[in-house]
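Read the structure below first, then the notes.
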Amino acid sequence: MLTRELILNGYVKEIFAKSDGSTPLLSDEEIDASCRASLADAPPGDIWLFGYGSLIWNPTIHFAEKRIGKVAGYHRRFCLWTHLGRGCPECPGLLLGLEHGGSCGGVVFRIPAAQADHECRIVWHREMVSGSYIPRWVDVQTDDGPVRAIAFIINRDHVRYAGRLSDERVAETLANAEGPLGNCADYLINTADHLEELGILDAPLQHLRTEVQRLCAAKN
């Protein structure tokens, strides 16, 4: 599993550096500049980060508070090919991204302002190695009131953007893809399970989990 220490030690970048070169990588300077640019637009006070996938169950950052929240105008979907972390060139995997339309339930993490630069840099060096996402400030509704948070929206211009795939192809991919950071089935199941535990309804994801579990069981 990806850890805070691995990110700080440059492990994510190291994995991408071993690729065949088909995925363009951002330099450390470009990643840091993107982080600074987003933080420059932050509202006063602490920083909020919206998690909708593995950030929910493996945030790898230090935070002061977390809340259940919902973002309008975006939905969660498997739309990013990965040939490295949870896949390989011969059997690429899929990762979640935020696509336009609908709404998305997830978790928002509050990062104290004094720690924001360091903690957000960790997030950026986890999520922005290849520029496959676009960091954007979004409004998140929580039971304790709305917050303005950073969310990572899928970059539709990225070479690994998968577009809208059939449910069958997504399930088949997730049931078979595996890489140095683990397999896609666990990524899906962990996300679906944690959303369920938090009381966040995502029927398509739950249906996908059932189908992937069936496919995985059929292989054994």
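The values are calculated or read from the model by the stated rules, or taken from the named source; none is laboratory data. Computed from a predicted structure; not experimentally measured. Glycine also receives a Cβ, built like all others from the backbone with ideal geometry; neighbour counts cover every protein chain displayed.
Taking the range 154-169 as the range and being surrounded by fewer than 17 Cβ atoms within 10 Å (Cβ to Cβ) and at pLDDT 95 or above as the test, the residues that pass are Arg156, Asp157, Tyr161, Gly163, Arg164, Leu165, Ser166, Asp167, Glu168, Arg169.
In the set Phe109, Phe78, Phe63, only one residue is at pLDDT 95 or above and either in contact with a Cys (Cβ under 9 Å, 6 or more places away or on another chain) or closer than 18 Å to Gly131 by Cβ (or both); that residue is Phe78. Number of residues in the range 122-161 that are in contact with a Lys or Arg (Cβ under 9 Å, 6 or more places away or on another chain), under 15 Å from Gly85 (Cβ atoms) and in a loop (DSSP other than H, G, I, E, B) equals 3.
Only residues that are among the aliphatic types (A, V, I, L, M) and part of a helix (DSSP H, G or I) were counted in the range 93-121, giving 3.
Within the range 23-67, the only residue that satisfies the criterion of being more than 25 Å from Arg86 (Cβ to Cβ) and in contact with a Gly (Cβ under 9 Å, 6 or more places away or on another chain) is Trp48. Within the range 134-182, the only residue that satisfies the criterion of being free of Cβ contacts under 8 Å to residues at least 40 places away in the same chain and on the phi > 0 side of the Ramachandran plot is Gly145. With the structure loaded, tell me whether Gly45 is touching a strand residue (DSSP E or B) at 6+ places or on another chain (Cβ under 8 Å), touching a residue at least 60 places away in the same chain (Cβ under 8 Å) and small (Gly, Ala, Ser) or whether it fails that test. No: the conditions fail for Gly45. When Ile61 is tested against (1) closer than 23 Å to His158 by Cβ; (2) under 14 Å from the mean Cα position of the chain (by Cα), just one condition goes unmet, and that condition is (1).
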